[in-house]
1. Given the conditions (1) within 10 Å of another protein chain (Cβ to nearest Cβ); (2) in a helix (DSSP H, G or I), which single one is not true for B:I297?
2. For the condition assigned by TED's automatic domain parsing to the domain that holds B:A207, within 20 Å of the chain's Cα centre (by Cα) and surrounded by fewer than 22 Cβ atoms within 10 Å (Cβ to Cβ), what is the one hit in B:L167, B:L157, B:L128?
3. Give the residues of the range B:1-14 that are among the charged types (D, E, K, R) and crowded, with 16+ Cβ neighbours inside 10 Å, sorted by residue number.
4. Go over the candidates B:E163, B:E103 one by one and state the one that is within 26 Å of B:V309 (Cα to Cα), in contact with a Cys (Cβ under 7 Å, 6 or more places away or on another chain) and without any contact (Cβ under 8 Å) to a residue 60 or more places away in the chain.
5. Out of (1) under 28 Å from B:V229 (Cβ atoms); (2) out of contact with any Lys or Arg (no Cβ under 7 Å at 6 or more places or on another chain); (3) assigned to a loop (DSSP other than H, G, I, E, B); (4) of a type outside the set (D, E), what's the single condition that is false for A:F145?
6. If A:S71 passes every condition in (1) surrounded by fewer than 24 Cβ atoms within 10 Å (Cβ to Cβ); (2) on the phi < 0 side of the Ramachandran plot but one, which one does it miss?
7. Quick one: how many residues across the range B:191-214 are in contact with a Pro (Cβ under 9 Å, 6 or more places away or on another chain) and modelled with pLDDT of 95 or more?
8. If we keep just the residues of the range A:20-46 that are of a type in the set (S, T, Y) and surrounded by fewer than 16 Cβ atoms within 10 Å (Cβ to Cβ), which is farthest from the chain's Cα centre (by Cα)?
2 protein chains.
Amino acid sequence: MIRVAVDALGGDRAPGEIVAGARDAASDSIQPILFGPRGLDTSGLELVETTQEIEMDEKPADAVRAKPDSSLVAACRAVAEGRADAVLSAGNTGAMLAASLLELRRLRGVYRPAIAIPLPARRGPSVLLDAGATADARPEHLLQFGHMGAVFAQEILQIPNPEVRLLSIGEEPEKGNQLTLEAHALLAAGDLNFAGNVESRELLNGAADVVVTDGFTGNVCLKLMEGTVKTLLEALRDEITTTRRGKFGGLLIRPAARELRRRLDPDTYGGAYLLGLRRLAVIAHGNSSRRAIANAIRIAARGVEHDVVGRLAQRLSERVVESARPETPTRP
Amino acid sequence: MIRVAVDALGGDRAPGEIVAGARDAASDSIQPILFGPRGLDTSGLELVETTQEIEMDEKPADAVRAKPDSSLVAACRAVAEGRADAVLSAGNTGAMLAASLLELRRLRGVYRPAIAIPLPARRGPSVLLDAGATADARPEHLLQFGHMGAVFAQEILQIPNPEVRLLSIGEEPEKGNQLTLEAHALLAAGDLNFAGNVESRELLNGAADVVVTDGFTGNVCLKLMEGTVKTLLEALRDEITTTRRGKFGGLLIRPAARELRRRLDPDTYGGAYLLGLRRLAVIAHGNSSRRAIANAIRIAARGVEHDVVGRLAQRLSERVVESARPETPTRP
């Protein structure tokens, strides 16, 4: 039985959709444990009572320090203390990051954590990291992200010997900024299945099994894809509905458009792993629906089942001496 | 009469589409001058004969040094020497950047040049810069980009008192990486109509009149929007054509889809200004069609007509003392 600690108060649609998603995910092998206020209707799921709540717009580090009994921090602590196997929150991402670093702590040898996002690319799923944990990354961090992504692709996406590429502004090794130029050299010298740089225009098409970038660029990319898909589909709908002919055509293509939207839907995965910690943490989109939460809990359980953290620890400890510029791990 | 020096050998479809576009753009007020090999059929336009050619995949700095009589470098030199008013190339962007810096030189007080790209946003045009000239930017560069973008928005997009925003990973001033945090402070302290950070999901919707970012992030964004639109429309077409009902619906919405594609078409602007130089340089997409080239020549002429370079020089010279961390301008 895999126990997933769920922050019942995290996310724009909490607690309703969170509780409903947790109930959907509950099974013979998955036991969601909800963290929230006394009296919360959990439809029979276990409730760990908490007395505080971290809002979406609070300053992460301050909030985590000031609210040790918030649903978010308490859920992280439960995992750290072995009362659950993984933690999930759709709340304040920065606070989840801060609480995870504080309670779950980094794996030995890990410089910086990374958020690994599965992309619904056309040629099949791939993973982009870092999607926002480490906004200011150094070359050796990107090398580690490559290893983290490779473990994710192998264990979660079931891709043997995943191909790793570095996101840059040209395919040639000499194209990029200082960070990507140095990271390229480290990645090329390492033992990953590194296939060079990739440009962002290929991201949604299926750029590589693993796409490595810093947390600032990764977060910008993620939100840009989301926004571009949304704006484009809305604009197409507006164009279509200006004529009767178009409206009728729109009705006929509706099933196809719906299928496409389903395929691109971030809810399909629901959650992103926060990698580099001693236990598994999963971050869900703030706007997560019941379906997204259920899928995120399942993805958390799959990560526990496949021992993603253990494999990552092993892989990184084997390679920690490789780094060209070792530095003492510090808190970001 | 505005004379535009056109690199006839630059771009994937050169010289055919370049010459055709130049002929289309020729008018009572615009005189394109083609730079290319002896014997090139220019349909009656003036030809300046050159003996060398820079290929798309050559290393920019080396190519520019080694080929002073290439069509690209010669066209830049003609502008520097006053034989033309602006230069246009759809060739190797890096080489165009290097040749422009060498021949046209930077404006006094300009730290780094920036590529200003008009975005066909839903709420109306806006300008994104830098789209790739300065991959490693510093906060004071971003402040200058803000001023460059404001001049562009006023003179070319005809937006009075344009709103400027900084691309980051959260709207709050404290969200971002080290570069955006420092740039935010400089922009907020200056006299631009600065409205804070903007997230990438708003880019295609119409984030602001001017969106400021470093050249690495800007280039990644540009290519990601391009790729996402392409992938999405292809995927939609694939979904539609799997059923007869969908196929028929697809026929009916074709005019709407075509209109949308036209609106998002980068060919509408055709060219991007390389700002921060003493004369005007315009860079066109490598894949530019005849229509894109004609529009790019017209946009170059409009920049000359509105004296974008002069206004930029004035604006930057007035504000050069403002920069929080002045540095000696150096070649990138």
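1. In the conditions (1) within 10 Å of another protein chain (Cβ to nearest Cβ); (2) in a helix (DSSP H, G or I), B:I297 misses (1) alone.
2. One residue alone meets the criteria, B:L157.
3. B:R3, B:D7, B:R13
4. Answer to the selection: B:E103.
5. (3)
6. For A:S71, the failing item is (1).
7. Qualifying residue count, the range B:191-214: 6.
8. A:S43
The values are calculated or read from the model by the stated rules, or taken from the named source; none is laboratory data. Bear in mind the structure is a predicted one, so any value in this text is a computation, not a measurement. Positions of Cβ are backbone-derived with ideal geometry, glycine not excepted, and every protein chain shown enters the neighbour counts.
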